[in-house]
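The values are calculated or read from the model by the stated rules, or taken from the named source; none is laboratory data. Since this is a predicted model, take the numbers as computed values, not measurements. Here the Cβ is made from the backbone with ideal geometry for all residues, glycine too, and neighbour counts use every protein chain on show. Just the protein is used for accessible areas: all its heavy atoms, side chains included, with ligands, DNA and RNA removed. Shrake-Rupley method; radii C 1.70, N 1.55, O 1.52, S 1.80 Å.
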Amino acid sequence: MSEKRTFVSLGSSFAAGPTIEPVADPDAMRSKRNYAHIAAEVMGVNLIDLTVSGATTSTILEESHRTGTGATFAPQIQGVPANADIVTVTAGGNDLHFLGSMLYTAWSMKAPNSPLTQMMGQELATGIPSPTEHSIEAVVSGLTRIVSAVRDRARSPRILLVDYLTIIPADARARASLPFTPKQTESFADIQAALAAAFRLAAERSGAELLAASELSRDHGLGTKEPWIFGFKSEVESTSGSYHPNEDGMLAVAHEIVRHLTV
């Protein structure tokens, strides 16, 4: 009997799946129903899920990651075994402060003087950061270095760069339903586009495969009939799931991974 293949998942919250039940690791805010768990179950492979909500390309590569619960995670790359057959990577959004700025903006409108808003504002005091050529290149570099590091550790991995599900829809009517000003919405759309572009460039430079979840989900952003993203969660204990993939989104990405790997 042949040995089961090994699937390794690296990444941040868009791979980890915060607030999707059941929870696999509360410190990592990692779900048992994120795309890696679903895809691994369908394919019948062993899964090593190293994802941690809040991760950056640096905490995947070289820096320890201390979470809000006080837990510390070693750089994710250290958990990639030599026998890894499939490796997925979803990271870079936190490098561009994408979800952090969106959540801060929502909380600033709901409760500007709350401790949570004040805490988030320490990193985002100047507002929504605009992606620059330098910041986009840093994400591209981080992703390509992750691909290189995986190849250094694993014998013959198939590496998929899985980009971020669409949050800000293209449809004007759906955009108008969002709880942001038109200017804020456009700023978030700019970061979203920059992130998708960074993944395309990283795939070209590294030779890794690209699974464009952003394209797959273009009609499933916030405000659409079938969103694959949670809306704003105002309860403090679950707010980390705001603007993140819901289970429908994770299912869609998982099924696309399975399709991609079996064609």
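Quotient of the Cα radius of gyration of region 148-263 and 2.2 N^0.38 Å, N being its number of residues: 1.19. Entry for region 1-87 at q = 0.12, 0.14 Å⁻¹: log10 I(q)/I(0) = -0.34, -0.46, Debye formula applied to identical alpha-carbon scatterers, no solvent contribution. Taking every protein chain into account, the accessible area of region 126-254 amounts to 48 square angstrom per residue (probe 1.4 Å).
Relative to a virtual label point 7 Å from the Cα of S114 in the Cα→beta-carbon direction, which members of region 203-236 show backbone nitrogen distances below 19 Å? The answer is 230-236, whose backbone nitrogens lie closer than 19 Å to the label point. Among W107, W228, the order of accessible area from largest down is W228, W107, computed with a 1.4 Å probe on protein heavy atoms.
Shape index of the chain: Rg/Rh, with Rg the Cα radius of gyration and Rh the Kirkwood radius from the inverse mean 1/r over Cα pairs, equals 0.95.
Using a 1.4 angstrom probe on the protein heavy atoms only, could you order D27, D248 from most to least accessible area? Please list the in-between numbers first.
Working: D27 60, D248 90 Å².
The residues order as D248, D27, largest area first.
Only the Cβ atoms of Lys and Arg (+1) and of Asp and Glu (-1) were treated as charged; on that basis the dipole of region 1-92 about its Cα centre amounts to roughly 120 debye.
Straight-line reach from K225: taking Cα to Cα under 19 Å and skipping same-chain neighbours fewer than 8 places apart, the aspartates and glutamates in range are D171, E215, E247, D248.
With all pairs of separate Cα atoms included, region 18-169 yields a Kirkwood hydrodynamic radius of 17.0 Å.
So, with a 1.4 angstrom probe, what is the percent of accessible area on region 211-263 that is carbon and sulfur? Write out the running numbers ahead of the final one.
Working: 1280 of 2510 Å².
C and S fraction of accessible area: 51 percent.
Rounded, prolate or oblate: which one fits region 123-214, using the alpha carbon gyration tensor with axes a ≥ b ≥ c (rounded when a/c is under 1.5, else prolate when a/b beats b/c, else oblate)? The shape class here is prolate. The spacing between region 20-40 and region 43-86, judged by their C-alpha centroids, is 13 Å.
Note on the chain: helix-only mean residue ellipticity at 222 nm, from DSSP H runs of 4+ residues weighted -39500 (n - 2.57) and normalised by residue number, equals -12500 deg cm²/dmol. Could you give the angle, 0 to 90 degrees to the nearest 10, between helix 98-110's Cα long axis and the longest principal axis of the Cα atoms of the chain? So the inclination is approximately 30 degrees. Relative to the longest principal axis of the Cα atoms of the chain, the long axis of helix 247-262 makes an angle of roughly 30 degrees. Note on K32: accessible area is roughly 110 Å² with a 1.4 Å probe, heavy atoms of protein only. For the chain, the longest principal axis of the alpha carbon atoms and the long axis of helix 133-153 meet at an angle near 20°.
Mind telling me which of M29, M250, M43 comes out most flexible in a GNM of the chain, alpha-carbon contacts under 10 Å? Maximum among the listed residues: M43. With a 1.4 Å probe rolled over the protein heavy atoms of all chains, the accessible area of V150, V263, V42 falls in the order V263, V42, V150, largest first.
In a GNM of the chain with a 10 Å cut-off on Cα contacts, which of A203, A193, A15 has the highest mean-square fluctuation? Ranking A203, A193, A15 by mean-square fluctuation puts A193 first.
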